[in-house]
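Scroll down for the structure; my scribbles are underneath it.
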Amino acid sequence: MRINPETLSRASSRHPWRVIGIWVAVFLIMGGLSGALLGGVLNNDISFTNKPESIKAQDIVDSTFTADQPGVSTEYVIVSSADATVDDAAYQAYVKQLQGALAADTAVVAAPPTTYFDVAQQAPDQAASLVSKDQRSTLIPVPIVKDDSATIADLRTLLADQGSDAFTTELAGQATLNADFAKVAEEDARKGESIGIAVALVTLVIVFAAIVAALVPVGIAVVAIVIALGITALVGQLVEFNLFVTNIISMIGLAVGIDYSLFIVSRFREERKKGFEKLDAIGAAGATASRAVFFSGMTVVLALLGMFIIPTTIFRALAAGAIFVTLVSIAASMTLLPAMLAKLGDRSNWPYLARGANVLVLLFVVLSAGVGGAILGVGLNAAGAASALVTAGTLVGVVGGAWLMVRAVNRDRLAFLSRFSRPDGVEFDKRGGVWDRVTRSVMARPWVFLIISVLILGGLGSFYFQMNKGSSTGISALPDTIESKAAFVTLEQQFAGGLTDPALIIVTGDVASPQARAAIKELRAAIGADPIFAPQTQVTQSPDGTAVQISAFFRGETQSDASFAAIDQLRTESVPAAFGGVQGVQVYVGGNTAIFDDFLSVTDTYQWVVLAFVLGLSFLLLMVVFRSVVVPLKAIIMNLLSVAAAYGAVTLVFQKGVGINFFNSIGFHFHQSDAIEAWLPLFLFSILFGLSMDYHVFLLSRIREEYDKTHDNTEAVAYGLRTTAGIITGAAIIMVVVFTGFASGSLGPLQQMGFGLAVAVFLDATIVRTLLVPASMRLLGDRNWYLPGWLEWLPKLNVEGHEPEAPVVVPDTPAELVDAEPGRD
């Protein structure tokens with residue numbers, strides 16, 4: 001037996017319980033693995049698979065300076081008093097008490113911490129860096145055994161237990177920041193999932209006019225997300241993942257999982273209405289919709305593979321998460337979904353909901369209950385209560401709306417059955433409908449609509465060239481309620497803000513020579529004169545005497561444009577000026593800020609390679625599918641326009657602040673930033689190019705199918721748009737809502753990503769599909785399908801597959817209609 005989408009669908013439908021059982025077992029196993037292992041493989045680091053200067057510096061630090069140091073990282077406890085200073089006896093007594101409690105907790109603290117009072121006499125320079133200018137705050141560096149969220153939580157619990165009315169304690173450090181980012185990212189993922197699932201359900205109810213059919217795609221998406229998270233946890237035992245991978249899996253999983261199932265369930269219902277038996281309808285859906293889903297999903301995967309070209313782990317981790325969930329969604333749609341349809345049969349249409357008034361009742365009840373619960377929850381000033389009330393209100397609304405519609409349907413049962421059993425089913429190819437009229441209007445004035453579309457998309461996309469790439473994962477990206485943000489504000493105001501994350505200048509070789517020592521002194525003076533850095537620097541010699549580490553502390557945020565510029569200045573001006581004539585030494589500039597600066601450089605270098613790979617591969621695939629060189633070239637240009645427009649929209653809103661107050665007034669919490677997340681443009685390109693090709697393939701395959709029959713280009717375009725409009729519109733609405741749900745979170749990078757994805761899908765499903773496609777295809781006419789003679793050897797690949805022929809049995813009497821009621825398998 002050949003393995004293809006049709007045979008998989010038929011085999012799964014013949015053995016439904018076996019297939020469902022296997023998927024349930026995998027779901028439970030992967031869910032357990034995710035809960036047990038996933039937290040330990042996530043971090044907020046940026047690693048490279050090559051060796052830029054910052055990584056060379058970090059390797060020397062790890063092997064020479066920190067190899068014998070206790071703990072994996074150092075966090076800073078900030079002790080502050082409103083009245084007392086470090087010279088007061090009570091202040092010293094409290095710090096000593098806290099120091100003893102920290103030293104006693106060996107499960108969290110790797111070694112007894114050193115305080116200001118321990119080094120005040122012996123090392124005045126070090127002591128000065130541990131006390132604030134007003135003498136009311138001091139730092140306690142604490143080496144910790146692990147840099148995970150559990151350790152940070154335990155450390156915070158210890159500080160709370162040692163609390164005092166006279167003193168306050170705050171915790172700052174890279175591990176603390178990562179833990180808070182992970183916490184907020186997890187909360188944003190849950191929020192995005194809940195919003196996406198709730199609105200997707202409403203949209204699916206409207207599309208399918210049935211609750212069971214609406215629940216099936218959501219169930220497939222949930223299964224795909226849980227299994228993909230389990231796969232990530234397993235693979236994470238070999239490689240680490242960026243903490244945003246969970247958000248990517250949830251977001252992409254909801255989008256593609258629901259959309260792929262939507263296409264297949266819709267085709268199954270269509271085949272049933274044409275008269276196919278249940279298993280034959282499943283097979284027909286497998287031969288057509290499942291085949292298209294497989295091709296579209298693999299297009300997404302191939303586009304994401306381009307990100308593996310970039311030698312940084314963040315791109316590869318995010319791409320891997322999206323690939324995992326896409327592949328699982330494809331597999332579930334082609335096997336689990338047919339098995340579920342085999343068991344449900346026509347019961348998937350229960351309860352049939354009349355479109356129109358009753359759907360509006362459902363929407364009104366759901367939205368009213370949700371808004372009412374949110375208002376009451378805000379009044380109670382309890383986020384947990386608000387969430388619970390919104391959820392309860394939504395469930396009540398769904399149940400209430402469904403009950404009202406079931407009552408309405410029962411009064412007209414025979415009419416429903418007659419409609420369901422018509423020989424022609426629903427008139428899918430309806431001429432004169434709204435989409436038919438829009439398409440023909442556009443094709444009547446193609447130049448006008450083509451120019452308007454290009455001006456809109458191109459004008460918005462032009463702002464991409466004003467995009468400033470950097471990082472929005474600094475302190476400013478965190479909500480004000482996060483503890484570590486307040487701690488870092490204290491560091492900036494009372495100490496050097498970059499004390500916990502300095503720039504590191506590593507000097508190796510003959511560091512004891514007079515020339516090297518003079519150069520180090522000169523470099524320290526240059527750093528002290530730079531307003532970006534604090535005036536004091538710290539010099540540490542390695543235990544073996546082969547290297548010197550100069551720590552330069554930033555005054556403000558370490559992930560800002562000014563900090564990146566300071567790193568570049570160190571590398572191009574300050575270090576060469578100081579060490580230009582010194583023989584026998586090598587100097588590297590490292591630290592987390594330098595690592596991110598190298599990341600920006602690598603991204604700029606490799607982005608054109610990724611673009612060429614994805615565009616070239618997409619062109620070849622589409623050329624084979626549609627046997628044309630014009631269609632793929634045009635599709636690529638259109639997709640680039642929609643992606644560029646999304647870039648422009650992100651730049652306008654998040655970098656320039658245009659409309660940000662409006663979005664925040666309707667419930668978002670957007671943060672304006674000086675820079676757009678550096679990894680975002682390439683990641684958006686890979687995701688959007690794959691997703692845009694989904695809709696393009698479904699639309700163009702119908703157009704090509706009709707053109708092959710009639711050789712009438714205008715009629716083929718009208719046919720393709722009017723037959724795919726409903727399903728593509730529903731799928732696009734779901735994707736836009738899912739992405740918008742994630743944009744409503746608290747973290748800047750996720751806000752930018754969700755907003756950019758939502759804008760691009762919206763533009764692709766409206767301006768591109770409604771205006772650009774019909775206008776361009778009308779102007780090009782038969783030239784759309786031009787294929788040079790020397791390429792005629794290309795194989796003929798039918799994306800939509802074939803539909804088997806089957807007789808249509810039409811009941812003659814109302815009694816036979818009742819006996820043939822859907823659900824009686």
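Which residues, taken from segment 569-593, are under 17 Å from TRP679 (Cβ atoms) and open to solvent by less than 40 Å² (accessible area, probe 1.4 Å)?
THR593
Of everything in segment 273-297 that's part of a helix (DSSP H, G or I), open to solvent by 30 Å² or more (accessible area, probe 1.4 Å) and at pLDDT 85 or above, which residue is farthest from ALA210 (Cα to Cα)?
Ranking the qualifying residues of segment 273-297, first place goes to PHE294.
Kindly list the number of the only condition in (1) part of a helix (DSSP H, G or I); (2) open to solvent by 10 Å² or more (accessible area, probe 1.4 Å) that fails for PRO543.
Every listed condition holds for PRO543 apart from (1).
I want to confirm something. Restricting to segment 727-737 and keeping residues that are open to solvent by less than 10 Å² (accessible area, probe 1.4 Å) and at pLDDT 80 or above, which single residue is farthest from ASP480 (Cα to Cα)?
ALA732
For segment 437-451, give me each residue that is aliphatic (A, V, I, L, M) and surrounded by fewer than 16 Cβ atoms within 10 Å (Cβ to Cβ).
Residues of segment 437-451 aliphatic (A, V, I, L, M): 438, 442-444, 448, 450-451.
Passing the criteria: ALA444, VAL448, ILE451.
Can you tell me which of (1) touching a Lys or Arg at 6+ places or on another chain (Cβ under 8 Å); (2) surrounded by 15 or more Cβ atoms within 10 Å (Cβ to Cβ) is the one SER560 doesn't meet?
The single condition SER560 does not satisfy is (1).
Would you check which residues across segment 623-635 are open to solvent by 10 Å² or more (accessible area, probe 1.4 Å) and more than 18 Å from TRP790 (Cβ to Cβ) and list them?
VAL625, LYS634
Out of all the residues in segment 90-131, which are exposed (fewer than 15 other Cβ atoms within 10 Å of the Cβ) and aliphatic (A, V, I, L, M)?
The answer is ALA90, ALA93, ALA101, ALA103, ALA104, ALA107, ALA123, ALA128.
Identify all residues within segment 298-309 that are farther than 17 Å from PHE626 by Cα and surrounded by fewer than 24 Cβ atoms within 10 Å (Cβ to Cβ); write none if there are none.
VAL301, LEU302, LEU305, PHE308, ILE309
Looking only at segment 656-692, how many residues end up being part of a helix (DSSP H, G or I), of a type in the set (S, T, N, Q) and buried (at least 21 other Cβ atoms within 10 Å of the Cβ)? Explain how you work it out, then say what you get.
Step one: list which residues in segment 656-692 are part of a helix (DSSP H, G or I), which gives 660-665, 680-692.
Those still in the list that are of a type in the set (S, T, N, Q) too: 661, 664-665, 686, 692.
Checking the rest, the ones that are also buried (at least 21 other Cβ atoms within 10 Å of the Cβ) come to 686, 692.
Within segment 656-692, residues that are part of a helix (DSSP H, G or I), of a type in the set (S, T, N, Q) and buried (at least 21 other Cβ atoms within 10 Å of the Cβ) number 2.
Please list, ordered by first then second residue, the pairs with beta carbon atoms under 7 Å, 6 or more apart or interchain, first in segment 612-639 and in a loop (DSSP other than H, G, I, E, B), second basic (Lys, Arg).
ARG627/LYS796
State yes or no: is ASP782 open to solvent by less than 10 Å² (accessible area, probe 1.4 Å) and among the acidic types (Asp, Glu)?
No.
Let's see how each residue does on (1) part of a helix (DSSP H, G or I); (2) surrounded by fewer than 14 Cβ atoms within 10 Å (Cβ to Cβ); (3) of a type in the set (A, V, I, L, M, F, W, C):
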position	(1), (2), (3)
ILE505	no, no, yes
VAL511	no, no, yes
LYS521	yes, yes, no
ARG524	yes, no, no
ILE527	yes, no, yes
PRO531	no, yes, no
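I need a count of the residues in segment 703-750 that are in a loop (DSSP other than H, G, I, E, B) and more than 30 Å from VAL184 (Cα to Cα).
Total meeting the criteria: 2.
Quickly run through segment 263-272 and pick out the residues that are of a type in the set (Asp, Glu) and open to solvent by 10 Å² or more (accessible area, probe 1.4 Å).
GLU270
Is it true that some residue in segment 157-172 is part of a helix (DSSP H, G or I), closer than 23 Å to ASP480 by Cα, polar (S, T, N, Q) and over 30 Å from the mean Cα position of the chain (by Cα)?
The answer is yes; a qualifying residue exists.
Can you find even one residue in segment 459-474 that is farther than 30 Å from ASP598 by Cβ and at pLDDT 70 or above?
Yes, there is a match, as at least one residue in segment 459-474 is farther than 30 Å from ASP598 by Cβ and at pLDDT 70 or above.
Could you please tell me which pairs satisfy a Cβ distance under 6 Å, a separation of 6+ or placement on different chains, a first residue in segment 691-717 that is within 14 Å of THR439 (Cβ to Cβ), and a second residue that is among the hydroxyl-bearing types (Ser, Thr, Tyr) and part of a helix (DSSP H, G or I)?
LEU699/THR724; ARG702/THR723; ARG702/THR724; GLU706/TYR719; ALA716/TYR707
Going by the structure shown, is GLN583 under 25 Å from THR66 (Cα atoms) and either in contact with a Ser or Thr (Cβ under 6 Å, 6 or more places away or on another chain) or assigned to a loop (DSSP other than H, G, I, E, B) (or both)? Write out each step before concluding.
On the way: under 25 Å from THR66 (Cα atoms): no; either in contact with a Ser or Thr (Cβ under 6 Å, 6 or more places away or on another chain) or assigned to a loop (DSSP other than H, G, I, E, B) (or both): yes.
Answer is no for this residue.
Tell me, which residue of segment 476-491 that is open to solvent by 50 Å² or more (accessible area, probe 1.4 Å) and either part of a loop (DSSP other than H, G, I, E, B) or modelled with pLDDT under 70 (or both) is nearest to PHE553 (Cα to Cα)?
SER476
Can you name every residue in segment 1-36 that is modelled with pLDDT under 90, in contact with a helix residue (DSSP H, G or I) (Cβ under 8 Å, 6 or more places away or on another chain) and open to solvent by 60 Å² or more (accessible area, probe 1.4 Å)?
Residues satisfying the conditions are MET1, ALA36.
Filtering segment 302-346 down to residues that are touching a Pro at 6+ places or on another chain (Cβ under 7 Å) and of a type in the set (D, E, K, R), which residue is modelled with the highest pLDDT?
Of everything passing the filter in segment 302-346, LYS343 is modelled with the highest pLDDT.
The values are calculated or read from the model by the stated rules, or taken from the named source; none is laboratory data. No experiment lies behind these values; they were computed from the predicted model shown. With ideal geometry, Cβ positions are generated from the backbone for all residues, glycine too; neighbour counts draw on all protein chains shown. In case anyone asks, the SASA skips ligands and DNA or RNA and just uses the protein heavy atoms, side chains included. Shrake-Rupley method; radii C 1.70, N 1.55, O 1.52, S 1.80 Å.
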